[in-house]
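The values are calculated or read from the model by the stated rules, or taken from the named source; none is laboratory data. Being a predicted model, the structure only gives us computed values, none of them experimental. Every residue, glycine as well, gets a Cβ built from its backbone with ideal geometry; the counts of neighbours run over all protein chains shown. Surface areas here come from the heavy atoms of the whole protein model, side chains and all, with no ligands, DNA or RNA. Shrake-Rupley method; radii C 1.70, N 1.55, O 1.52, S 1.80 Å.
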Amino acid sequence: MAERSDMSRGAGPEGQAFARGHLARVIGALWRLSLAEAVAYRVSMLMWMLTTTFPLVSLALWAGLAEGGPIGDYARADFVGYFVAAFLVRQVTASWVVWELESQIRSGDLSTLLMRPVHPLLHHGMQNLAALPVRVGLAAPIGVVVLVLAGGIELGGAGALLVAPAALVLAWLITFNVQVCIGCLAFWLTASSSLFEVWIGLYLVLSGAALPTSLYPPGLAEVVRVLPFHAALGFPVELIIGRVHGPEIARGLALQALWLVGFSALSRALWRRGVRVYGAVGA
Amino acid sequence: MSTVVCVEGLSKRFTVPRREAGLRAALRALVRRETREVEAVRELSFSLAPGERVGFLGPNGAGKTTTLKMLAGLLVPSAGEVKVAGHTPSERRPEFLRRVSLVMGQKRQLSWDLPALDTFELNRVVYEIDAATFRRRLDELATLLEVGEVMRRPVRQLSLGERMKCELVAALLHAPQVLFLDEPTIGLDVAMQLGVREFIRRYNVEHGATVLLTSHYMEDVAALCPRILVIDEGRLRFDGSIEALRREIRPLRRVSVRADALPPEAELAAIGRVVEKEGGRLVLDVEPGRVPSAVQTLVALPGAQDLAVHDAPLEEVMRALFGRAEEARG
């Protein structure tokens with residue numbers, strides 16, 4: 001055979017460099033394939049995106065309530081900025097791996113991914129990420145229209161905006177890993193996505209999608225703001241619109257990292273155990 | 001003899017939920033979930049040499065697909081040992097996955113809304129196939145399977161047969177050393193079945209790959225596999241050639257003839273067992289040693305024509321084998 005054999009690569013530094021190079025090429029190839037798929041699915045993606053416009057509904061509600069004066073430290077314009085940012089953050093940190101995993105485990109379609117020498121979760125991760133340009137392309141005009149109608153947005157300072165990409169990446173990774181954890185339950189349960197509905201219910205209330213978490217009553221707000229829901233949405237939103245500063249930013253990033261470590265360890269353990277009980281139904 | 005697949009005492013048990021029909025049973029299952037153990041594969045042992053083409057036969061639920069999935073690393077065995085190309089499949093190491101391929105008639109690896117060519121390109125990178133080798137193999141496979149244009153159309157627009165051919169290309173681009181085929185011709189028309197069958201044979205001969213195949217179509221197995229493994233209720237019932245199986249289960253040869261006038265039943269009984277006697281057509285099952293004399297007698301019939309001697313059809317052999325196993329179980 002013309003290909004280099006695995007044996008010839010060895011486990012030394014050269015072998016590791018080759019493995020890294022190969023991984024980068026696989027990621028690139030998965031990205032290209034997934035982007036082509038996302039373009040092919042653009043209409044269904046738009047439809048799905050319209051079902052995640054909850055922050056815009058919240059915007060209409062809270063902006064209306066704030067007509068008579070600020071609520072807490074949020075004036076009408078603050079609500080507009082907050083919820084438009086929340087809408088866009090939700091778009092860029094979206095994942096749907098829970099449904100994909102559940103359906104593939106139940107139908108046995110996971111088998112074809114398991115037969116490739118590439119981790120199936122890398123495949124799913126790239127599928128989610130490659131849809132990003134399409135999602136942003138579809139979501140950005142909606143955000144811009146809302147902002148123009150509502151009169152603009154106040155962004156955070158340069159420092160906050162510099163770390164915002166890191167916060168967004170961490171938020172996506174938390175969302176992805178939570179979904180992998182729940183999706184993996186399909187190895188044992190018949191309908192793990194029903195459990196995800198519970199997660200989504202809590203997420204809508206506790207993440208900041210329904211109202212900024214800082215507006216919760218004192219005591220409760222402190223608790224809500226350390227939960228993973230806030231780390232996945234509220235924190236990056238507040239960072240972008242300049243609602244957190246200095247040590248609060250460091251604390252928010254640390255909490256995100258902590259939740260990510262926890263969920264990724266759990267997802268790895270569930271995946272490893274799940275694959276061992278996988279029934280691979282169907283021929 | 002060197003082996004590429006070695007299976008020793010392989011078993012697989014599944015725990016499956018069990019409940020009666022009806023609302024009462026459904027409510028009871030909420031409180032107390034009953035399960036039972038199903039032994040899908042029991043202490044299976046066999047080995048395959050490099051380059052062998054082996055058919056895996058058995059009735060529905062015999063454990064064929066479960067075994068294939070354990071060999072491919074999709075299922076973890078409950079007991080026993082499996083080595084494929086020197087690896088333990090359930091560890092699913094990349095070096096193992098690069099050496100094998102599993103084609104399932106009802107599962108697809110091709111991206112549904114994109115041309116198959118896009119998935120081939122992904123596999124080129126995943127399996128680290130250099131560009132020149134990829135082009136050569138793709139040309140070769142596309143020519144053999146006649147999918148030159150087909151692979152440029154979105155997969156969702158392809159017929160079942162075209163899709164299966166593209167699945168085969170995707171599964172073989174990395175030139176696997178061991179090829180597992182689970183019902184590769186299911187749902188295909190006869191012409192397409194023949195095409196896929198011929199392709200598998202050529203691939204095996206030209207690449208020296210080991211092929212293990214399950215199929216409901218006995219013709220697939222009879223035409224492709226010099227050796228068959230027959231399993232029933234998870235146990236190995238037979239391992240050998242189709243001829244050996246026939247000799248063991250249905251040694252009688254089937255002799256058929258057309259004639260203007262047929263001898264009476266009593267006379268025919270002396271030649272062999274009458275299977276069919278209708279109009280001028282006669283079919284007899286004859287002991288192998290008595291075939292020459294039977295042919296002599298039948299060819300001498302008035303207006304004798306279309307005399308033919310066949311082996312018993314494989315379907316009948318299998319029915320007889322499983323019927324025998326049923327009887328043994330009482």
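Keeping to the range A:79-97, report how many residues are in a helix (DSSP H, G or I), aliphatic (A, V, I, L, M) and either outside the structural domain of residue A:113 (by TED's automatic domain parsing) or within 22 Å of residue A:193 (Cβ to Cβ) (or both). Even if it seems obvious, please write down each step before you answer.
Step one: list which residues in the range A:79-97 are in a helix (DSSP H, G or I), which gives A:79-92, A:97.
Add one more test, that the residue is aliphatic (A, V, I, L, M), and what stays is A:80, A:84-86, A:88-89, A:92, A:97.
Subsequent filtering for residues that are either outside the structural domain of residue A:113 (by TED's automatic domain parsing) or within 22 Å of residue A:193 (Cβ to Cβ) (or both) retains A:97.
Looking only at that region, the number is 1.
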Worksheet item: Can you name the residue in the range B:64-84 that is at the interface with chain A (Cβ under 9 Å from one of its Cβ atoms) and more than 16 Å from the chain's Cα centre (by Cα) and is also farthest from residue A:115 (Cα to Cα) among such residues?
Response: B:76
Worksheet item: Do we have residue B:73 as surrounded by 14 or more Cβ atoms within 10 Å (Cβ to Cβ) and on the phi > 0 side of the Ramachandran plot here?
Response: yes
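Taking the options A:67, A:102, name whichever one is away from chain B (no Cβ under 14 Å) and open to solvent by 50 Å² or more (accessible area, probe 1.4 Å). Walk me through how you get there before you give the answer.
Working: A:102 fails: open to solvent by 50 Å² or more (accessible area, probe 1.4 Å).
The unique qualifying residue is A:67.
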Discussion item. If residue A:229 satisfies all but one of (1) part of a helix (DSSP H, G or I); (2) more than 14 Å from chain B (Cβ to nearest Cβ); (3) open to solvent by 20 Å² or more (accessible area, probe 1.4 Å), what's the number of the condition it fails?
Written reply: (3)
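Applying the selection to the range B:205-233, what residues are part of a loop (DSSP other than H, G, I, E, B) and either modelled with pLDDT of 90 or more or among the β-branched types (Val, Ile, Thr) (or both)?
Listed by number, the residues that qualify are B:208, B:209, B:225, B:226.
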Worksheet item: What is the residue count in the range A:114-163 for residues that are touching an Asp or Glu at 6+ places or on another chain (Cβ under 8 Å) and open to solvent by 50 Å² or more (accessible area, probe 1.4 Å)?
Response: 1
Worksheet item: Looking only at residues in the range B:104-126 that are more than 7 Å from chain A (Cβ to nearest Cβ), under 27 Å from the mean Cα position of the chain (by Cα) and not in a helix (DSSP H, G or I), which one is modelled with the lowest pLDDT?
Response: B:112
Worksheet item: What tally of residues in the range B:259-283 results from selecting those that are surrounded by 14 or more Cβ atoms within 10 Å (Cβ to Cβ), under 18 Å from residue B:311 (Cα atoms) and in contact (Cβ under 8 Å) with a residue 12 or more places away in the chain?
Response: 5
Item to complete: Determine which single condition residue B:286 fails, assuming it passes every other condition in (1) modelled with pLDDT under 90; (2) farther than 29 Å from residue B:215 by Cα; (3) open to solvent by less than 40 Å² (accessible area, probe 1.4 Å).
Response: (1)
Worksheet entry | Options A:198, A:180, A:226; residue that is aliphatic (A, V, I, L, M) and either over 18 Å from the mean Cα position of the chain (by Cα) or more than 30 Å from residue A:63 (Cβ to Cβ) (or both) | A:180
Worksheet item: Where in the range A:99-210 are there helices (runs of 4 or more DSSP H), lying fully within it, with 2 or more residues that are of a type in the set (A, V, I, L, M, F, W, C) and either without any contact (Cβ under 8 Å) to a residue 40 or more places away in the chain or farther than 24 Å from residue A:34 by Cβ (or both)?
Response: A:132-150, A:158-184, A:192-206
Fill in: the range B:25-44 residues that are open to solvent by 100 Å² or more (accessible area, probe 1.4 Å), paired with ones that are of a type in the set (Val, Ile, Thr) (beta carbon under 9 Å, 6 or more apart)
B:36/B:15; B:36/B:16; B:37/B:15; B:37/B:16
Worksheet item: Where residues in the range B:145-191 are assigned to a loop (DSSP other than H, G, I, E, B) and under 16 Å from the mean Cα position of the chain (by Cα), which of them is nearest to residue B:208 (Cα to Cα)?
Response: B:184
Practice prompt. Name the one entry in A:224, A:275 that is surrounded by 15 or more Cβ atoms within 10 Å (Cβ to Cβ) and within 14 Å of chain B (Cβ to nearest Cβ).
Written response: A:275
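Rundown of residues vs (1) open to solvent by less than 40 Å² (accessible area, probe 1.4 Å); (2) without any contact (Cβ under 8 Å) to a residue 12 or more places away in the chain; (3) under 22 Å from residue B:67 (Cβ atoms); (4) not polar (S, T, N, Q), yes/no style:
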position	(1), (2), (3), (4)
B:163	yes, no, no, yes
B:167	yes, no, yes, yes
B:172	yes, no, yes, yes
B:185	yes, no, yes, no
B:207	no, no, no, yes
B:213	yes, no, yes, yes
B:218	yes, no, yes, yes
Item to complete: Restrict the check to the range A:75-88 and report whether at least one residue is open to solvent by 10 Å² or more (accessible area, probe 1.4 Å) and within 27 Å of residue B:76 (Cβ to Cβ).
Response: no
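Could you tell me whether residue B:20 is touching a strand residue (DSSP E or B) at 6+ places or on another chain (Cβ under 7 Å) and over 22 Å from residue B:209 (Cβ atoms)?
no
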Worksheet item: Counting only residues that are part of a helix (DSSP H, G or I) and open to solvent by less than 80 Å² (accessible area, probe 1.4 Å), how many does the range B:289-321 have?
Response: 14
Item to complete: Scan the range B:51-66 and give yes if some residue there is part of a helix (DSSP H, G or I), open to solvent by less than 10 Å² (accessible area, probe 1.4 Å) and hydroxyl-bearing (Ser, Thr, Tyr), otherwise no.
Response: no
Item to complete: Identify the residue in the range B:85-95 that is in a helix (DSSP H, G or I) and under 23 Å from the mean Cα position of the chain (by Cα) and, among all such residues, is farthest from the other protein chains (Cβ to nearest Cβ).
Response: B:89
Worksheet entry | Residue check for residue A:212: over 17 Å from the mean Cα position of the chain (by Cα) and over 24 Å from residue A:87 (Cβ atoms) | no
Discussion item. Just to verify a result, which residue in the range A:10-54, among those that are open to solvent by 80 Å² or more (accessible area, probe 1.4 Å), over 22 Å from the mean Cα position of the chain (by Cα) and at pLDDT 75 or above, is nearest to the other protein chains (Cβ to nearest Cβ)?
Written reply: A:25
Fill in: Some residue of the range A:167-174 being assigned by TED's automatic domain parsing to the domain that holds residue A:54, touching a Gly at 6+ places or on another chain (Cβ under 8 Å) and buried (at least 16 other Cβ atoms within 10 Å of the Cβ)
yes
Item to complete: Answer with yes or no whether residue B:229 is touching a Gly at 6+ places or on another chain (Cβ under 8 Å) and open to solvent by less than 10 Å² (accessible area, probe 1.4 Å).
Response: yes
